[in-house]
Amino acid sequence: MYKALYRKYRPITFDKIVGQTHVIQTLENAIINNKIGHAYLFHGPRGTGKTSIAKIFAEAVNCTGNGPLPCHSCKSCQLIDGEQTTDIIELDAASNNGVDEIRLIREFAKYAPTGIKYKVYIIDEVHMLSTAAFNALLKTLEEPPAHVIFILATTEIHKIPMTIISRTQRFDFKKITITEMLECLNPIVLAEELTITDDALAYIADYADGGMRDALSMLDQVIAYSNGVVDIQAVLEVIGSVGDKTYKEMLDYLFTSNTEQILKLLTKISDSGKNIQLFVEEFLKYLLKVIEKGLTEQEEYPVDILFAIVGKLNQLAYEMKTAYLPYIALQALFLELSYTMSEKRAISSQPEKKPEKAMSLPPTLEVVDEVEKKQKPQVEKPLVEEIKKPQIEEQAQAKTLSAREDLTDLFNYDYFEHELSEDVNESIDIVFDFAPKKEPILTHLDTNANPDKKSTPISVKTAPKIIQEIKPQDIFDSELHIQKMEVQLQRVMAEVVIYPESNKLDRIKRKWQTISFDPNNQIAMMLQDMEPKIGTTIEVLLSTYNKSLANQLQLKINKIKVEEYITILLGQAYRVIVTDEGMWQKQREIFANKWRAHEVTCESIQMLAAEELSLEKRANIQESSNINLELEITETEIADEVVQDAVAIFGDIVKTID
Ligand SMILES: [Zn+2]
């Protein structure tokens, strides 16, 4: 029988694990120094080695041999390897989530292990446990018998009660880097005597997005598909991707406004059964590569135009998730881009250059909506002839429809209501990150990492340069904007509570920590003072103590740049909501009260979304009419404000550094 590569090459000693060196080193030291804890929490994305490391650790704590841990030759190791012991217990909480199972564990945990030193419970997907089961587990963790070790593994730490987390040693598993992944894949390719091209293997490593298991299953699939030599084409076929060559072609057609070829290429992609959502996402990734090359090496295409395309595609990627006819939306956008490119060329050939023009493309979906009404979705060719320039503009003005209207469909699913179990009710406090921004609490893991950190005064850096020099308070302190903000915050909070599976805050926060705050990058410098408070699959809510910064970033022109930056950072398109801490705290409290009063429901989200849409339309009109209000804010003014804010938060430990 064929054994999946993932099972066949599962590592069995610590030194064979790829990545996660921070975890392994700590665990090995604990064993060597005989300082083994009673409960460990392994948290991280899927396929990053949580279960593998848990199994190795369970064997290693019991190992009595010498050499690499575990030795696989001593008596304990032999018992465990031969599955002759009942004291290493693996449990999948997804299928054993009841209180009875946990009570059984408590009962059984009392008895000492036979033949080995420690009884080890590995509970996978621990976030799936019911509240009652968590409480039962908590009782065991409160008074653990000396011979018992719990290893809890999860991909969704926000679903685990704080009371559990605080009783464990927590390890955050990182995504496996492409280099690490190749280090692991190459020997497997050799051992399996596979013929695979380097670029094909690199593509698999990249596509797996940090999950070793995904990389190996993909390799399995590709081998089964290709029957012989595995090249990039075979990989792309299996994934349903189209490859850089096609993206390059598309970009060339766009820059030459070759509408006919653009439509042909889109039809080709769609006809061959490729995933068009994936096409957009990968085209975005491709564009970012071209931009990066343009910025660091040489500019093949004008970078400012590429940024404008990224902005538009970004929006499309977001809208396509809820679009009624996503393929039409895709076609319309490319037509629009092609059209704008020809306009752009016409403008730049004139003596006076106005690069801003490229950014102000007519909104896409409005056009789409009209097109959909007029003709059947499958008729592709006539689109070119029918949509002429004046028509597009007319339609764009005549109707303003946003993706949010389509989103309401999403809220009509009844099953979400059933999913809203009491667990969600009880875990409300950990759904969001409610803690105010402060120094990180030092865990036992990093106590000696930076001993004098506390005494370091918080430095107040020079305020970032403002992208658009206007005074946004006048716009954002208006009642309309405040109201819009309130509704928006209530809506996103409700969404992550009602649809907990959409909550991706953890992932976003992890990425956030990797931002290198380059002083030459204005956006990065601004984001330094922002903290993600809510993150879903499509939106990120950022909050800051610096109200003037929040106002600046709420300006549409700046928000687009932030969204582009975050797309690069998170590798995916996001809509960004910016707020200030005062507003966030206040709205959070209001939300908590509404929640307690059972006023947060699917219907209430629908109403909030509708209200938000109408407020947003009005706010946009107000903003664009105020955009010419050019009042200068000097750097010192902002800097003073930052100092004041910082003093208000941290008290007199703040020292201004010149
Ligand atoms: Zn051993």
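Tabulated data
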item	result
Elements of type helices (runs of 4 or more DSSP H) in region 212-258, at least 3 residues being touching a helix residue (DSSP H, G or I) at 6+ places or on another chain (Cβ under 6 Å) and surrounded by fewer than 19 Cβ atoms within 10 Å (Cβ to Cβ)	212-226
Matching option when the condition is assigned to a helix (DSSP H, G or I) and under 30 Å from THR64 (Cβ atoms), among GLU107, GLU101	GLU107
Search result, residues across region 59-90 that are in a loop (DSSP other than H, G, I, E, B), over 41 Å from the mean Cα position of the chain (by Cα) and within 12 Å of the ligand (Cβ to nearest atom)	THR64, GLY65, ASN66, SER73, CYS74
Residue list for region 10-32, restricted to those being away from the ligand (no atom under 16 Å from the Cβ) and either within 13 Å of PRO70 (Cα to Cα) or at pLDDT 90 or above (or both)	ILE17, GLN20, THR21, HIS22, VAL23, ILE24, GLN25, THR26, ASN29, ALA30
SER272 being free of Cβ contacts under 8 Å to residues at least 40 places away in the same chain and outside the structural domain of ASP206 (by TED's automatic domain parsing)	yes
Qualifying residue in region 143-158 (condition: surrounded by 15 or more Cβ atoms within 10 Å (Cβ to Cβ), away from the ligand (no atom under 16 Å from the Cβ), charged (D, E, K, R) and assigned by TED's automatic domain parsing to the domain that holds GLY47)	yes
Any chance ASP124 is modelled with pLDDT of 90 or more and more than 16 Å from the ligand (Cβ to nearest atom)	yes
Condition met for LEU194 (farther than 22 Å from PHE279 by Cβ and either surrounded by 19 or more Cβ atoms within 10 Å (Cβ to Cβ) or within 25 Å of the chain's Cα centre (by Cα) (or both))	no
The one condition in (1) away from the ligand (no atom under 16 Å from the Cβ); (2) surrounded by 18 or more Cβ atoms within 10 Å (Cβ to Cβ) that ARG106 fails to fulfil	(2)
Answer from GLY67, GLY47 - the residue that is out of contact with any strand residue (DSSP E or B) (no Cβ under 7 Å at 6 or more places or on another chain), crowded, with 22+ Cβ neighbours inside 10 Å and either under 28 Å from ASP209 (Cα atoms) or not hydrophobic (A, V, I, L, M, F, W, C) (or both)	GLY47
Test: residue in region 44-56 that is more than 19 Å from ARG167 (Cα to Cα), out of contact with any Asp or Glu (no Cβ under 9 Å at 6 or more places or on another chain), modelled with pLDDT of 85 or more and within 16 Å of the ligand (Cβ to nearest atom)	yes
Leading residue by the ranking (surrounded by the most Cβ atoms within 10 Å (Cβ to Cβ)) among those in region 595-624 that are under 28 Å from the mean Cα position of the chain (by Cα) and not in a helix (DSSP H, G or I)	VAL600
The listed residue being of a type in the set (Val, Ile, Thr), in a loop (DSSP other than H, G, I, E, B) and touching a residue at least 40 places away in the same chain (Cβ under 8 Å), out of THR26, THR48	THR48
Qualifying residue in region 103-112 (condition: under 19 Å from ALA54 (Cα atoms) and more than 22 Å from the chain's Cα centre (by Cα))	yes
Tabulated pairs, region 71-82, first over 12 Å from THR13 (Cβ atoms) and free of Cβ contacts under 8 Å to residues at least 40 places away in the same chain, second of a type in the set (S, T, N, Q) and within 8 Å of the ligand (Cβ to nearest atom), C-beta under 9 angstrom, 6+ apart or interchain	CYS74/ASN62; CYS74/THR64; LEU79/ASN62; ILE80/ASN62
Odd one out for PRO113, checked against (1) of a type outside the set (Ser, Thr, Tyr); (2) closer than 20 Å to ARG167 by Cα; (3) within 16 Å of the ligand (Cβ to nearest atom)	(2)
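The values are calculated or read from the model by the stated rules, or taken from the named source; none is laboratory data. Remember, it's a predicted structure, so these values are computed and weren't measured experimentally. Methodologically, a virtual Cβ is constructed for each residue, glycine included, from the backbone with ideal geometry; neighbour enumeration extends over all protein chains shown.
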